[in-house]
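Asker: Encoded as structure tokens, here's the structure I'll be asking about.
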Amino acid sequence: MYIPKHFEETRIEVLHELIRMHPLAALVAITPSGLDANHLPFEVDPNPAPFGTLRGHIARANPLWYNFSEEVEALAIFQGPGAYISPAWYSTKQETARVVPTWNYAVVHAYGALRVIEDRGWLRGLVERLTDRHEARRNDPWRVTDAPSDFIEGMLGAIVGIEIPVTRLIGKWKVSQNRPARDRDGVVEGLLHEKVDTTLTIADLMRQSASE
């Protein structure tokens with residue numbers, strides 16, 4: 001991934017937080033037929049330092065779990081918020097008109113060797129943690145134990161665990177750091193005016209970046 005220095009994010013805790021907030025990754029691996037991409041939610045464990053471990057699961061029917069290259073690291077791409085940036089929001093537009101549209105976004109790339117896990121206890125623990133995390137905000141959260149135990153056992157037999165000890169963790173926060181302060185202020189105002197969840201989040205990221 002191309003990352004100009006002013007867009008680079010290296011703080012591990014910040015990268016991990018994006019993964020927690022946007023856990024659905026595009027997992028890209030090399031197979032005998034070429035690149036293969038699968039979309040699946042991961043949990044991130046900060047251990048071992050410095051980059052931590054990703055854990056998820058795929059369907060046993062998915063050939064990825066027995067068909068990936070062990071010689072080449074896999075790549076998990078976590079796409080955070082993103083928003084179109086109109087050049088009309090720049091003060092520079094009024095001064096020179098030498099401006100063009102762009103896109104602001106935050107993204108994390110995690111690299112590491114895939115490890116396949118078939119242990120039922122490991123799989124159940126993972127499924128319970130993922131479920132509890134994403135059900136936590138609900139008034140009446142569903143739990144794995146709400147389903148019949150034989151049904152859950154059958155479902156566990158239909159999945160395979162994926163673990164990635166992360167060897168490289170790369171973050172790109174493209175939030176107008178390359179623009180003059182007056183242009184950044186205009187972008188934040190424009191994003192806030194749109195009142196869409198993603199534009200509000202990008203505006204927050206821009207303000208955080210400006211205060212650091």
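Asker: Return the pairs, sorted by first residue and then second, in which the second residue is of a type outside the set (Lys, Arg) and part of a helix (DSSP H, G or I), the first residue lies in the stretch 114-135 and is within 20 Å of ALA76 (Cα to Cα) and in contact (Cβ under 8 Å) with a residue 12 or more places away in the chain, the beta carbons are less than 8 Å apart, and the residues are 6+ apart or on different chains.
Answerer: VAL116/TRP65; VAL116/TYR66; ILE117/LEU123; LEU123/LEU156; VAL127/VAL144; VAL127/LEU156
Asker: Then there's this: GLU163 versus (1) among the acidic types (Asp, Glu); (2) under 26 Å from ARG11 (Cα atoms); (3) in a helix (DSSP H, G or I): which is the lone unmet condition?
Answerer: (3)
Asker: Output the residues belonging to the stretch 100-158 that are assigned to a helix (DSSP H, G or I), touching a Lys or Arg at 6+ places or on another chain (Cβ under 8 Å) and hydroxyl-bearing (Ser, Thr, Tyr).
Answerer: Matches in the stretch 100-158: THR131 only.
Asker: If TRP103 passes every condition in (1) surrounded by 13 or more Cβ atoms within 10 Å (Cβ to Cβ); (2) in contact (Cβ under 8 Å) with a residue 60 or more places away in the chain; (3) aromatic (Phe, Trp, Tyr) but one, which one does it miss?
Answerer: Failing condition for TRP103: (1).
Asker: For the stretch 27-51, which residues satisfy the criterion of being surrounded by 10 or more Cβ atoms within 10 Å (Cβ to Cβ) and among the hydroxyl-bearing types (Ser, Thr, Tyr)?
Answerer: Within the stretch 27-51, just THR31 meets the criteria.
Every residue, every condition in (1) under 19 Å from VAL14 (Cβ atoms); (2) more than 22 Å from the chain's Cα centre (by Cα); (3) of a type in the set (Lys, Arg), yes or no:
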{"position": "LYS174", "(1), (2), (3)": "yes, no, yes"}
{"position": "ASP183", "(1), (2), (3)": "no, yes, no"}
{"position": "ALA203", "(1), (2), (3)": "yes, no, no"}
{"position": "GLN208", "(1), (2), (3)": "yes, no, no"}
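Asker: Next up: How about the stretch 31-65: which of its residues are touching a residue at least 40 places away in the same chain (Cβ under 8 Å) and in a strand (DSSP E or B)?
Answerer: Within the stretch 31-65, LEU40, PRO41, GLU43, THR53, LEU54, ARG55, GLY56, HIS57, ILE58, ALA59 qualify.
Here, each number is a calculation from the coordinates, and none is a lab measurement. Note that the structure is predicted; figures quoted are calculated from it, not measured. Here Cβ is always computed from backbone atoms with ideal geometry, including for glycine, and neighbour counts include all displayed protein chains.
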